[in-house]
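> Pasting a structure below so you can have a look.
Quick note: the coordinates plus some simple rules give every number you see, no bench work behind them. Computed from a prediction, not measured in an experiment: that's the story for all the values here. We place every Cβ from the backbone using ideal geometry, glycine too, and count neighbours over all the protein chains shown.
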Amino acid sequence: MIVDGIIETLQRPTYMGLLWTHIQLSVLATLLGLLISLPVALAVRNTPLGAAIAVNVGNLGRAVPSLALLAIVFPFLGFGFTAPLIALTALAIPPILINASTGLREVRNEVIDAARGMGLSEGQILRRIQLPIAAPVIFAGVRTSAVQVVASATLATFIGGGALGDLIVEGFSRGDTAILLAGALSVAALAIITEVLFDGFERAFTPKGLKIAQQRRGR
Amino acid sequence: MQGLQPRFFDWGWLRENFFEDVWPAFVGHLYLSFVSVAIALAISLPLGVFVSRYRKLYTPVLFVTGFLFTIPSLALFAFLVASGVGIGPRPVIIGLVSYSLLVLIRNVVTGIDSVPPETIDAARGMGLTNRQILFRVELPLALPVIVAGIRIATVTVIGIAVIGAFIAGGGLGQLIFDGIDRSFPTLVLTGAVMATLMAIFADVSLLLVERYMRPWARRAGGAK
C-alpha cells in the first residue's frame with residue numbers, strides 16, 4: 001500500500017522538475033565552490049602563512065550549520081533559486097579549500113627540488129608534479145562537498161528553493177507517509193549515488209605512480 | 001520578505017524577548033546536542049574497543065555507520081517519523097546519535113591503533129593485565145584522538161540539531177522556522193547566528209582541549 005503511494009508520488013509530472021532542480025542546485029554549487037576554492041588554494045600553495053589561514057578559515061567555515069547558512073542568506077535574497085545556490089556554494093567551499101591547500105602543501109619539497117633540477121618551470125611543476133600528486137586529496141575534498149551539498153539542497157525547500165525537500169515537507173505537513181518516504185528515499189539515493197560516483201572519480205584521478213606507491217605501502 | 005527592509009533587524013524585539021524565546025531555544029539546543037553526543041560516546045567507546053580487538057568486524061561497522069552518515073539528515077528524520085518513532089526530541093536524538101557513530105568509532109579505533117606496540121609490551125612486562133593495559137595505557141594514550149572525534153561529532157550534531165526543529169525537536173532551529181513562517185528576519189537571523197556561534201565555540205574550545213592533551217604534538221610544533 002505504502003509502496004503504491006511512493007510509486008505514485010515518483011510518477012507525478014512534477015517529480016522530474018524537483019529532481020532536476022535538486023541536481024542543478026547541487027552541481028552548480030559544487031562547481032562554483034571548486035571554482036572559488038581551487039584558485040585560492042593555488043595562490044597560497046607556496047606561502048605557509050597563507051595556507052594556514054586558508055585551512056583555518058575553512059575549518060571555521062565547516063562548523064557553520066547548513067540550515068543556518070541558508071537562513072542567513074534568506075532574509076537578504078528572499079525565496080527562490082539564488083538564495084539556496086549562494087548558501088550551498090558557501091557550504092561547498094570549506095572542504096575543497098582545506099583539502100586543496102593541505103594536498104598541495106603535502107607534496108614533498110625534495111620532489112619539487114628534483115623537478116626544478118630537471119629544469120621544469122614553476123608552471124610545469126604545478127601542472128605536472130603538484131596537481132597530479134595532490135589530485136586524490138583534492139578530489140576527496142570535492143566529494144565531501146558534493147555529498148554535503150546534495151544533502152543540504154534538500155533544505156532549500158524551507159526557503160522556497162524547490163528541490164526534493166518539497167516532497168518531505170509536503171508529506172510531513174499532510175501526514176502522508178508515502179509522500180514523505182518518496183522524498184526521503186529519493187534524497188538518500190541521490191546522496192549515496194554521489195558518494196559512489198565521486199569515489200570512482202577519486203580513483204580515476206589518482207596517478208598511476210601514486211597507486212603503485214600506495215600498494216607498495218600495503219594500503 | 002524580498003530584500004532588505006527598514007527595521008530589517010529588530011534589536012528592540014531581541015532585547016524584549018531574549019529570555020522568553022531565544023534563551024530557552026539556546027538551552028534546548030545545548031541539551032539536544034549534549035545528550036546525543038553523550039549517548040553516541042557511550043555506544044562508540046565500548047564498540048570501538050571491541051572492534052579494535054576483533055578486526056574482522058571493523059569494516060562492516062564502518063560500512064554501516066558510513067551509510068548512516070551519508071543519508072541526508074532531513075531524509076533520516078523523515079524515515080524516523082515514518083517508521084513510527086513519532087516527532088519531538090526523541091527521533092532527533094536518535095538521528096543525531098546515528099550521525100556521530102562513524103566519527104567516534106573510527107577515532108576510538110585509530111586512537112588505540114596509534115599506541116606503539118612497544119608501550120604495550122612494556123606494560124605487559126610490568127605485569128599489567130589486559131584490562132589494566134586497556135584502561136591505564138591504551139585509552140589514556142588514545143584520548144587526544146578520541147577527543148578529536150568528539151569535537152567533529154559535536155560540531156556536526158549542533159549543526160544537524162538545527163534541522164531537527166522541523167520534526168519538533170526544539171532548539172535554535174525552531175527560531176529559524178518560526179521566523180520564516182512569520183516573515184520575521186530578526187528571528188531567522190537570531191537562530192542562525194546563535195547556532196553558528198555555538199558550533200564555532202564548541203569547535204574551538206574542544207580543539208584547545210585536544211591540543212592541551214597532546215603536549216608532544218605542541219612541542220614538535222605540529223597541529224594534528
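> Which angle from 0 to 90°, rounded to the nearest 10, does the C-alpha axis of helix A:131-153 make with the longest principal axis of chain A?
With both axes taken from Cα atoms, the answer is about 10 degrees.
> What distance in nm separates the simple spin-label points at residue A:56 and residue A:199, each placed 7 Å from Cα in the Cβ direction?
Using points 7 Å along Cα→Cβ, the separation is 3.6 nm.
> Helix A:165-174 versus the longest principal axis of chain A: what is the Cα-based angle in degrees, 0 to 90, to the nearest 10?
Taking Cα atoms only, the helix is inclined about 30 degrees.
> Express the relative contact order of chain B as a whole percentage, based on alpha carbon pairs under 8 Å and six or more residues apart in sequence.
Values: 269 pairs, mean separation 58.9, N = 224.
It comes to 26 percent, rounded to a whole number.
> Here's something else I'd like to know. By how many nm would the segment from residue B:18 to residue B:113 lengthen if fully extended, with 0.36 nm per residue of separation less the alpha-carbon distance? Each step should come with its number before you reach the end.
Working: separation 95, 0.36 × 95 = 34.20 nm, distance 4.74 nm.
Roughly 29.5 nm would be gained on extension.
> Once the Cβ-Cβ distance between residue B:31 and residue A:2 is put in as r, and R0 is 45 Å, what FRET efficiency do you end up with, to the nearest 0.05? Working shown, then result.
Working: r = 34 Å, r/R0 = 0.75.
FRET efficiency, residue B:31 to residue A:2: 0.85.
> Under the Karplus relation 6.51 cos²θ - 1.76 cosθ + 1.60, θ = phi - 60°, what is the ordered set of whole-Hz ³J(HN,Hα) values for the range A:31-47, x standing for Gly and Pro?
Rounded to whole hertz, the list is 4, 4, x, 5, 5, 7, 7, 4, x, 4, 4, 5, 5, 9, 5, 9, 10.
> Shifting gears a bit: What is the average number of partner chain Cβ atoms found within 10 Å of a Cβ in A:72-80?
Details: counts 8, 1, 8, 17, 7, 4, 4, 3, 1.
Averaged over the peptide's residues, the number is 6.
> At a Förster distance of 56 Å, what's the computed FRET efficiency of residue A:82 paired with residue B:54, Cβ-Cβ distance as r, to 0.05? Show your work: numbers first, answer last.
Numbers: r = 51 Å, r/R0 = 0.92.
Given R0 = 56 Å and the Cβ-Cβ separation, E is 0.65.
> Given the peptides A:105-111, A:85-91, A:60-66, arrange them by the average over their residues of other C-beta atoms within 10 Å, most packed first.
Values: A:105-111: 12.6, A:85-91: 24.1, A:60-66: 22.0.
Taking the mean over residues of other Cβ atoms within 10 Å, the ranking is A:85-91, A:60-66, A:105-111.
> Roughly how far apart, in whole Å, are the Cα centres of the range A:169-196 and the range B:175-210?
First find each Cα centre; the distance between them is then 26 Å.
> Counting only helical runs of four or more DSSP H residues, what would the 222 nm mean residue ellipticity of the protein assembly as shown come to if each run contributes -39,500 (n - 2.57) and the total is spread over all its residues?
Only helices count here, giving -25000 deg cm²/dmol.
> So if we plug the beta-carbon distance of residue A:174 and residue B:130 into 1/(1 + (r/R0)^6) with R0 = 60 Å, what FRET efficiency do we get, rounded to 0.05?
Values: r = 56 Å, r/R0 = 0.94.
Efficiency for this residue pair is about 0.60.
> Got a sec? Which residues in the range A:119-156 would a label at residue A:35 touch, if it sits 7 Å along Cα→Cβ and we count backbone N under 13 Å?
none
> What residues from the range B:78-109 fall in the zone where the backbone N is under 14 Å from a label point 7 Å along the Cα-to-C-beta line of residue B:39?
Correct set: B:80-81, B:85-101.
> Counting pairs of alpha carbon atoms under 8 Å apart in space and at least six apart in sequence, what relative contact order in percent does chain A give?
Numbers: 295 pairs, mean separation 57.7, N = 219.
Normalised by residue count, the contact order of chain A is 26 percent.
> Helix by helix through chain B, keep the DSSP H runs that span 24 Å or more along the axis on Cα and average at least -0.5 on Kyte-Doolittle, and give those back in order. Present the calculation step by step, with values, prior to reporting the outcome.
Working: long enough: B:23-53 (45 Å, 1.53); B:89-113 (35 Å, 1.22); B:139-164 (36 Å, 2.17); B:185-213 (42 Å, 1.45).
Those that clear 24 Å and a mean of -0.5 are B:23-53, B:89-113, B:139-164, B:185-213.
> A further question follows. Of the peptides B:49-58, A:185-194, A:34-43, how do they stack up when ordered by the mean number of other Cβ atoms within 10 Å, highest first? Kindly include the intermediate steps, with their values, before the conclusion.
Details: B:49-58: 14.1, A:185-194: 20.4, A:34-43: 18.1.
Put in order of decreasing packing, that is A:185-194, A:34-43, B:49-58.
> On alpha carbon coordinates alone, what is the Rg over Rh value for the protein assembly as shown, Rh being the Kirkwood radius? Please report the intermediate quantities before stating the final value.
Working: Rg = 23.3 Å, Rh = 23.5 Å.
Ratio of gyration radius to Kirkwood radius for the protein assembly as shown: 0.99.
> Limiting things to C-alpha atoms, what are the Rg and the maximum Cα-Cα separation (Dmax) for the range A:1-83, in angstroms?
Gyration radius and largest Cα-Cα distance of the range A:1-83: 19.0, 61 Å.
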